[in-house]
Amino acid sequence: MTDTTRLIIVAVGGQGNLLASGVLAEAALLADIPVRMSEIHGMAQRGGVVESAMVFGDAQSPIIADGEADVLVGFEPCETLRALNKCNTETVVITNLAPLPPFTVAIGQGVYPDIDQIQELIRKKTGRLIALDASALAKKSGNVRALNMVLLGALIQSGVLPLTAEQVKEAMRTRTKKAFLESNLKAFDLGFEAAAAI
Amino acid sequence: MHKLLTDQPGKKMMLLGNEAIARGAIEAGVAVATTYPGTPSSEISLNLFQMSQESDLFFEYSTNEKVSMEVAAAAANAGVRAMCMMKHVGLNVAADVLMTLAYVGVKAGMVVVTADDPFMFSSQNEQDNRFYGKLSGLPVLEPSSVDEARRMTAYAFELSEQLGEPVILRTTTRINHSSGIVELDKIMPPKTKGDFTKDPMNQVPVPAVARKLHVKLLENWHKARDIAETSDFNIIDGKGPGGIICNGVSYTYVTDAVGELDLGDRVRVLRLGLSHPMPEKMIKDFLAASDKVLIVEEGEPVMEEAVKAFAQEAGLTLPIRGKAEDLFSRLYEFNPGMVRQCVARFFDVPYTPPEVPDLSDIPPLPNRPPNLCAGCSHRATYLEIKKAVAELGLDTIYPTDIGCYTLGMLPPLSMADFLLCMGSSAGTPGGFAVATDKKVISFIGDSTFFHSGIPGLVNAVFNNHNHTLVILDNGITAMTGHQPNPGVDMSVFNLQGYGRISIEKVVEALGVQKIVKIKPFKLAKSIEAIKEALSYEGVSVIISEEPCALFAQAYKLKKKRAFYISDACKNHRDCINQLACPAFYIENERVHIDEVACVGCAVCAQICPENAIRPVKKAG
Ligand code: SF4
């Protein structure tokens, strides 16, 4: 298993995680690193959870078993916590801290957990937590929708993936819309810097 | 140019499994492609639809899977390569065609793609369509990876021509919705016109002909089995006395497990890619050289039962195991971890899974089920039906159907009581109406109505069932990603040359005596009209017309006009509690509307007792 890195990305439909995984796949293709990925996005546009699994390296499987993610990236804190079953005690977890409560909370069918408690639980159970307000950083980049690129920046900074910032930026140039490229690159850098400061 | 039309053999591309299948068909020179959309197959047809607009390919969204297979079968009998694709349950709809098409056969290559959905990520059952290979006698190909999906699709056309019968390409969600690196092959230009040579003694299966054709089908089955014996898609890796037989995506899990457990010198792996008819001799030889064999297949024990039968015939008594309490389940999908664990257990090698954290102290998390979009017209219709039913004091049963509107099942709407399959909302009400004294109100979408709702409605009229059918006409096949259907105005897609069928005229022509049409965003008017239809004894139809909000936004069919909650709000929360529209959120114990999400359907504004919900004024 040593030559393989397993990444799970969880997000809420509409947060742009399919673009993020697309950029990573493109970067791996450019870097000549074998990659497979699998996505469950049947109801993404109806506000459900979207999960992407990416396997870099020698393994053949396109999906990741419970407890076997090397790194988990969560675009929404409660969803990050929900995906902890994918992690083991060594897993590196990167999460956005800006909550997006599901509508079930608004109609009184559930309680949204406390953000500090979420962080504490993740920190206690996994190898390392990198938590940042990616939504705020996206806003700072000039494009609120660049949350995905902020988290990519943090992910690459963590050094868990066999990809460099330059490779990912190159992939962003081919995969993301020209009009947003500048803000996307900026968002990536902001995420990278924020993770470095943690 | 569409990326899948790139004519650069050897070029590497990251493709979705479904894109790879579409590409494989293009490489094989497919000329006619037909479908009824269904997850997880939908992107195959979406890509072919797009490519048909810039190439010689003929593509159609057919009314249903049965018709789609008929169109493809006739094209293939006229000598042009054809493919039809559908989700697994779609093949049930087309099964009548398939079973006799197997007898009649084809003149040019024809591929039937069936996309199974183990774990039911987006399906109502997880039936194993490998049985259709056995049932029809047709060959089945099962890819294990994205690139192989491309190669196998292209090969399937050749195999079909070699045998003169259609070939089934069976995938699962994890192939359709996985992405991997694909190396492009050259594109064969399609032959778009053929000819039909009349040969009724072989193509009109009256009993005397069919008896002869069945003999031919069995001969073909033997030919196909011989091909499977030496097929490049049936492969053996590794060495040693242990054996694993597997198929599809499970092969990738097995390969990883054998590598990780260092079993390459102890265990041989037989992967069946051309999995029906099974290569009998190959399997018997494999068994004879093994001391024990593990069968790794998702779904039903299709291979396992056959392999056990082969062992019996060969007089072999080695242990052969697969589905068992301590090994594999018939339920859901597999994953690399559980396959690794079962392989370790079966071959008796030590294995410690990664240490997983104890999650027992995680507080219960709020669910995040998919929800009807903000401004979805279905939400409005459901609310109005509820209000009309309450005003009339009816005791109701709500059969529903397959589409976004099935999401109306969730509270607070709770508008779905019974569902079987596409079109069942038109047929099941008859049974409820005769077996109970309740008012039966059922829901069907426009696309589903055309797919298989019409016969149910014909039946209801003929047998005079007491039933109200609500046709939720949002002008598109929304759930699978906004595909056209026979009621859609194709100019929206900038396409000409299509017909368009009026649902209202169809319903009228079927002899429904009570038809009302509503515009669901007009609450009071709609409720009155609904009450009228519900009060009618016999078959009544309500047609609720309003474009799908997501589609309308994407194609700029409607102007967006967001609403906000003014200070007049007394915090009753009727809006959020009755509608659960995802544009609402609570902040500081007050209801707010997310202006980005709100499309301005104004339904909430019509139920607010304080008139507190108002349109946002444009600045300036
Ligand atoms: S896609 Fe259209 S039909 Fe489906 S939930 Fe959204 S608005 Fe409603």
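The values are calculated or read from the model by the stated rules, or taken from the named source; none is laboratory data. Note that the structure is predicted; figures quoted are calculated from it, not measured. A quick note on method: Cβ atoms are made from the backbone with ideal geometry, for glycine too, and the neighbour counts reach across all protein chains shown. Ligands, DNA and RNA are stripped out before the accessible areas are found, and what is left, the full protein with its side chains, is counted by its heavy atoms. Shrake-Rupley method; radii C 1.70, N 1.55, O 1.52, S 1.80 Å.
Taking the stretch B:436-456 on its own, how many of its residues are within 21 Å of the chain's Cα centre (by Cα) and open to solvent by 10 Å² or more (accessible area, probe 1.4 Å)? I'd like the intermediate steps shown before the answer.
Of the residues in the stretch B:436-456, the ones within 21 Å of the chain's Cα centre (by Cα) are B:443-454.
Keeping just the survivors that are open to solvent by 10 Å² or more (accessible area, probe 1.4 Å) gives B:450, B:452, B:454.
The number of residues fulfilling the criteria is 3.
In the stretch A:165-181, what count of residues is obtained for those that are open to solvent by 70 Å² or more (accessible area, probe 1.4 Å) and either under 16 Å from the mean Cα position of the chain (by Cα) or modelled with pLDDT of 95 or more (or both)? Break it down stepwise before answering.
Applying the first criterion (open to solvent by 70 Å² or more (accessible area, probe 1.4 Å)) to the stretch A:165-181 yields A:166, A:170, A:173-175, A:177-180.
Next, from what is left, pick out any that are either under 16 Å from the mean Cα position of the chain (by Cα) or modelled with pLDDT of 95 or more (or both): A:166, A:170.
Matching residues across the stretch A:165-181 total 2.
Within the stretch A:71-84, is even one residue more than 23 Å from residue A:14 (Cα to Cα), more than 7 Å from every other protein chain (Cβ to nearest Cβ) and not hydroxyl-bearing (Ser, Thr, Tyr)?
Scanning the stretch A:71-84 turns up no residue that is more than 23 Å from residue A:14 (Cα to Cα), more than 7 Å from every other protein chain (Cβ to nearest Cβ) and not hydroxyl-bearing (Ser, Thr, Tyr).
Is it the case, given these coordinates, that residue B:563 is over 34 Å from the mean Cα position of the chain (by Cα) and among the aromatic types (Phe, Trp, Tyr)? Spell out how you get there, then give the answer.
Details: over 34 Å from the mean Cα position of the chain (by Cα): yes; among the aromatic types (Phe, Trp, Tyr): yes.
Answer is yes for this residue.
Kindly provide the set of residues from the stretch B:402-415 that are crowded, with 17+ Cβ neighbours inside 10 Å and within 13 Å of the ligand (Cβ to nearest atom), ordered by number.
B:402, B:403, B:404, B:405, B:406, B:407, B:408, B:410, B:413
Between a first residue in the stretch B:391-412 that is more than 14 Å from chain A (Cβ to nearest Cβ) and in a loop (DSSP other than H, G, I, E, B) and a second residue that is within 12 Å of the ligand (Cβ to nearest atom) and open to solvent by 20 Å² or more (accessible area, probe 1.4 Å), which pairs have beta carbons less than 6 Å apart while being 6 or more apart in sequence or on different chains?
Close Cβ pairs (under 6 Å, with a partner that is within 12 Å of the ligand (Cβ to nearest atom) and open to solvent by 20 Å² or more (accessible area, probe 1.4 Å)) amount to B:400/B:406.
List pairs: first in the stretch B:152-171 and under 14 Å from residue B:227 (Cα atoms) and not assigned by TED's automatic domain parsing to the domain that holds residue B:133, second among the aliphatic types (A, V, I, L, M) and open to solvent by 10 Å² or more (accessible area, probe 1.4 Å), Cβ under 8 Å, 6+ apart or cross-chain?
Within 8 Å, no pair qualifies.
Looking at the stretch B:47-69, which of the residues that are of a type in the set (Asp, Glu) and crowded, with 18+ Cβ neighbours inside 10 Å is nearest to the chain's Cα centre (by Cα)? Steps first, answer last, please.
Initially, the stretch B:47-69 is screened for residues of a type in the set (Asp, Glu), giving B:54, B:56, B:60, B:65.
Still in the running and crowded, with 18+ Cβ neighbours inside 10 Å: B:60, B:65.
Values: B:60: 17, B:65: 11 Å.
Taking the candidates together, the pick is B:65.
Since residue A:45 meets every condition but one in (1) open to solvent by 20 Å² or more (accessible area, probe 1.4 Å); (2) modelled with pLDDT of 90 or more; (3) facing another protein chain (nearest Cβ under 7 Å), which condition does it not meet?
All conditions pass for residue A:45, except number (2).
What number of residues in the stretch A:25-39 are open to solvent by 10 Å² or more (accessible area, probe 1.4 Å) and over 15 Å from the mean Cα position of the chain (by Cα)?
Final tally of qualifying residues: 8.
Based on this model, can you work out whether residue B:158 counts as at pLDDT 95 or above and surrounded by fewer than 23 Cβ atoms within 10 Å (Cβ to Cβ)?
yes
What number of residues in the stretch A:111-157 are open to solvent by less than 30 Å² (accessible area, probe 1.4 Å) and small (Gly, Ala, Ser)?
Going through the stretch A:111-157 one residue at a time, the tally reaches 7.
Can we say residue B:382 is within 14 Å of chain A (Cβ to nearest Cβ), crowded, with 24+ Cβ neighbours inside 10 Å, in a helix (DSSP H, G or I) and not basic (Lys, Arg)? Please lay out each step first, then the result.
Details: within 14 Å of chain A (Cβ to nearest Cβ): no; crowded, with 24+ Cβ neighbours inside 10 Å: yes; in a helix (DSSP H, G or I): yes; not basic (Lys, Arg): yes.
In short, no.
Could we say that residue B:225 is away from chain A (no Cβ under 14 Å), within 28 Å of residue A:62 (Cα to Cα) and of a type in the set (D, E, K, R) here? Please lay out each step first, then the result.
On the way: away from chain A (no Cβ under 14 Å): yes; within 28 Å of residue A:62 (Cα to Cα): no; of a type in the set (D, E, K, R): yes.
Considered against the rule, which asks whether it is away from chain A (no Cβ under 14 Å), within 28 Å of residue A:62 (Cα to Cα) and of a type in the set (D, E, K, R), residue B:225 comes out as no.
Between residues in the stretch B:318-335 that are farther than 26 Å from residue B:286 by Cβ and residues that are of a type in the set (A, V, I, L, M, F, W, C), which pairs lie under 6 Å by C-beta distance while being six or more apart or on different chains?
Within 6 Å, the pairs are B:332/B:119.
So which residues in the stretch B:505-527 are touching a residue at least 12 places away in the same chain (Cβ under 8 Å) and either at positive phi or open to solvent by 50 Å² or more (accessible area, probe 1.4 Å) (or both)? Break it down stepwise before answering.
Of the residues in the stretch B:505-527, the ones touching a residue at least 12 places away in the same chain (Cβ under 8 Å) are B:506-507, B:510-521, B:523-524, B:526-527.
Result: B:511, B:513, B:517, B:519, B:524.
From A:98, A:59, which residue is surrounded by fewer than 24 Cβ atoms within 10 Å (Cβ to Cβ) and facing chain B (nearest Cβ under 7 Å)? Walk me through how you get there before you give the answer.
On the way: A:98 fails: facing chain B (nearest Cβ under 7 Å).
Just a single option satisfies the conditions, and that option is A:59.
On the given criteria, is residue A:22 part of a loop (DSSP other than H, G, I, E, B), within 14 Å of the chain's Cα centre (by Cα) and within 10 Å of chain B (Cβ to nearest Cβ)?
Details: part of a loop (DSSP other than H, G, I, E, B): no; within 14 Å of the chain's Cα centre (by Cα): yes; within 10 Å of chain B (Cβ to nearest Cβ): yes.
Taking the combined requirement at face value, the residue does not satisfy it.
Of all residues in the stretch B:528-551 being of a type outside the set (A, V, I, L, M) and within 16 Å of the ligand (Cβ to nearest atom), which is farthest from the other protein chains (Cβ to nearest Cβ)?
We begin by selecting, within the stretch B:528-551, every residue of a type outside the set (A, V, I, L, M); these are B:528, B:531-532, B:535-538, B:540, B:544-548, B:551.
So of that shortlist, the ones also within 16 Å of the ligand (Cβ to nearest atom) come out as B:544-548, B:551.
Details: B:544: 19, B:545: 21, B:546: 17, B:547: 15, B:548: 11, B:551: 10 Å.
Only one residue tops the list, namely B:545.
Which residue out of B:278, B:282 is touching an Asp or Glu at 6+ places or on another chain (Cβ under 7 Å) and more than 14 Å from chain A (Cβ to nearest Cβ)? Show your work before the answer.
Details: B:278 fails: touching an Asp or Glu at 6+ places or on another chain (Cβ under 7 Å).
Result: B:282 is the single residue among B:278, B:282 that is touching an Asp or Glu at 6+ places or on another chain (Cβ under 7 Å) and more than 14 Å from chain A (Cβ to nearest Cβ).
What are the residues in the stretch B:342-379 that are aliphatic (A, V, I, L, M), more than 16 Å from the ligand (Cβ to nearest atom) and open to solvent by less than 20 Å² (accessible area, probe 1.4 Å), if any? It would help to see each step written out before you state the result.
Going residue by residue through the stretch B:342-379, those that are aliphatic (A, V, I, L, M) are B:343-344, B:349, B:356, B:359, B:362, B:365, B:372, B:374.
So of that shortlist, the ones also more than 16 Å from the ligand (Cβ to nearest atom) come out as B:343-344, B:349, B:356, B:359, B:362, B:365.
Within the stretch B:342-379, B:343, B:344 qualify.
Looking at B:464, B:459, B:494, can you tell me which residue is in contact (Cβ under 8 Å) with a residue 60 or more places away in the chain, more than 16 Å from the ligand (Cβ to nearest atom) and open to solvent by 40 Å² or more (accessible area, probe 1.4 Å)? Even if it seems obvious, please write down each step before you answer.
Values: B:459 fails: in contact (Cβ under 8 Å) with a residue 60 or more places away in the chain; B:494 fails: in contact (Cβ under 8 Å) with a residue 60 or more places away in the chain.
Every option except B:464 fails the conditions.
Take the stretch B:476-491 and flag every residue that is open to solvent by less than 30 Å² (accessible area, probe 1.4 Å) and small (Gly, Ala, Ser).
The answer is B:478, B:487.
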